[in-house]
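J.: One structure is given below, represented as structure tokens, and several questions about it will come after.
The values are calculated or read from the model by the stated rules, or taken from the named source; none is laboratory data. Because the structure is predicted, anything quoted here is derived from the model rather than measured. So basically every Cβ, Gly included, is an ideal-geometry build from the backbone, and we count neighbours across all protein chains shown. Remember, those area values only see protein heavy atoms, side chains included, never the ligands or the DNA or RNA. Shrake-Rupley method; radii C 1.70, N 1.55, O 1.52, S 1.80 Å.
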Amino acid sequence: MLSYQHIYHAGNLADVQKHLWLITVLDYLTQKDKPFLWIDTHAGRGLYDLSAPEAQKIKEYESGILKFYKDWQGNDNLPAPLTRYRDFINNLNKDELIKYPGSAYLAMKIMRPTDKLYAFDLHKGEFPHLQKTLQQYINSDPRFEDGFMGLKSLIPHTTLKRGGALIDPSYEVKEEYTQTAQAIIEAHKKWPQGIYMAWYPILDKGHHEDLVNQLMALGLPDEDFTIDEWHFGEVERGMKGTGMVIINPPYGSIDTMAKIKLYLNQ
Ligand SMILES: C[S@@+](CC[C@H](N)C(=O)[O-])C[C@H]1O[C@@H](n2cnc3c(N)ncnc32)[C@H](O)[C@@H]1O
């Protein structure tokens, strides 16, 4: 029985980092005409209401998206992915930041009708929200199934040769760090050209090091493997920071995200 609900954390700094990477990678994939496959193994609701009591409980978005969002308005000199991110959020809101886009929503906004999204969530309260978020997109396939198994079963795809996956577990149990690493190692064997992006929390206990070390043991060259960590000034709710590991990062994406990190002073 899963208890984690992302609405308590939506729009926090981890979401900002993760969603900026997602936009950067998906925008790159749309530069070529050939359709692509995207797999969101842990999709959540796809869209979050920050005025809901759950989001209001800890208000994590205040030290995340809300910290930057107002300064981005009317700014024509933002790095490209920030402009995209701001505009996706603006399109959901009027004067106040209330609706926040999740990974599956952002993917569908960027992907073209010829591309295909598979979005998994195994929480029975969350899945109906995900279905609702994706209902108007006929090229999306929300599934109430285990995302790790889903990834394994969908690749290599028979027709879509380009694309990748976002693996964004809640890490409710520490086994998920190894499970994430092993799922990526297995997927990379089956589909070596796929782009794999995994998010992880940087904790005092250092569990994320197992995940990172197992993936580093793949021995991939620097241009095919990158780690991006944003460290918080102080420990927030047991988290020291937020991390992403990306296998096969698109050309230019490492530099783009490094500039964004500097711009956001992270
Ligand atoms: C961190 S949240 C996802 C947030 C989302 N990716 C975003 O960026 O908007 C993790 C989600 O994974 C779901 N989940 C947990 N274990 C799962 C599994 N084995 N397969 C699919 N979904 C799972 C949880 O219900 C939760 O909604």
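J.: In a shell of Cβ-Cβ distance under 12 Å around ARG45, excluding ARG45 itself, what net charge do Lys and Arg (+1) and Asp and Glu (-1) give?
T.: Spelling it out: positives minus negatives among the neighbours equals -3.
J.: So if each residue of separation counts as 0.36 nm, and I subtract the Cα-Cα distance between LYS124 and ASP49, what length gain in nm does that give?
T.: Length gained between LYS124 and ASP49: 25.2 nm.
J.: Expressed in nm to one decimal, what extension gain is obtained for the pair THR178 and MET149 from 0.36 nm per residue of sequence separation less their Cα-Cα distance?
T.: Length gained between THR178 and MET149: 9.0 nm.
J.: Taking a probe of 1.4 Å, how large is the accessible area per residue of the chain, in Å²?
T.: Value returned for the chain: 47 Å² of accessible area per residue.
J.: A follow-up question, please. Let me make sure I get this right: for the range 203-266, a, b and c are the square roots of the gyration tensor eigenvalues over alpha carbons, sorted descending. Under 1.5 in a/c it's rounded, otherwise prolate if a/b > b/c, else oblate. Which is it?
T.: Verdict is oblate for the range 203-266.
J.: Enumerate the lysines that LYS240 could reach by cross-link, defined here as Cα to Cα under 24 Å, with residues fewer than 8 away along the same chain left out.
T.: Straight-line reach from LYS240, under 24 Å: LYS18, LYS57, LYS59, LYS67, LYS174, LYS205, LYS259, LYS261.
J.: Within the accessible area of the chain, what % is carbon and sulfur when the probe is 1.4 Å and the other protein chains stay in place?
T.: Carbon plus sulfur share of accessible area: 51 percent.
J.: For the range 25-149, what does the alpha-carbon gyration tensor say about shape, rounded, prolate or oblate, given a ≥ b ≥ c as the root eigenvalues, a/c under 1.5 as rounded, and a/b over b/c as prolate?
T.: It comes out oblate by the Cα gyration axes.
J.: Roughly how far apart, in whole Å, are the Cα centres of the range 151-198 and the range 75-113?
T.: 25
J.: For the chain, rounded, prolate or oblate, judged on the Cα gyration tensor with a ≥ b ≥ c (square roots of eigenvalues), a/c < 1.5 rounded, else prolate if a/b > b/c?
T.: Rounded.
J.: What size of dipole, in debye to the nearest 20, comes out for the range 6-263 about its Cα centre when the only charges are +1 on Lys and Arg C-beta atoms and -1 on Asp and Glu C-beta atoms?
T.: The dipole of the range 6-263 has a size of about 680 debye.
J.: Same structure, new question: Mean residue ellipticity at 222 nm from the helices of the chain, using -39,500 (n - 2.57) per DSSP H segment of n ≥ 4 over the full residue count, to the nearest 500 deg cm²/dmol?
T.: The helix contribution divided over the chain gives -11500 deg cm²/dmol.
J.: Fully extended, how many nm does the chain gain between ASN91 and LEU264 (0.36 nm per residue separation, minus their Cα-Cα distance)?
T.: Length gained, ASN91 through LEU264: 60.1 nm.
J.: For the charge dipole of the range 218-260, defined by +1 on Lys and Arg C-beta atoms and -1 on Asp and Glu C-beta atoms about the Cα centroid, which residue among MET239, ILE260, GLY219 has the Cα displaced farthest towards the positive pole?
T.: MET239
J.: Picking from TRP38, ILE98, ALA52, whose Cα lies most toward the positive end of the charge dipole for the chain (charges on Cβ: Lys, Arg +1; Asp, Glu -1)?
T.: Ranked along the dipole, the leading option is TRP38.
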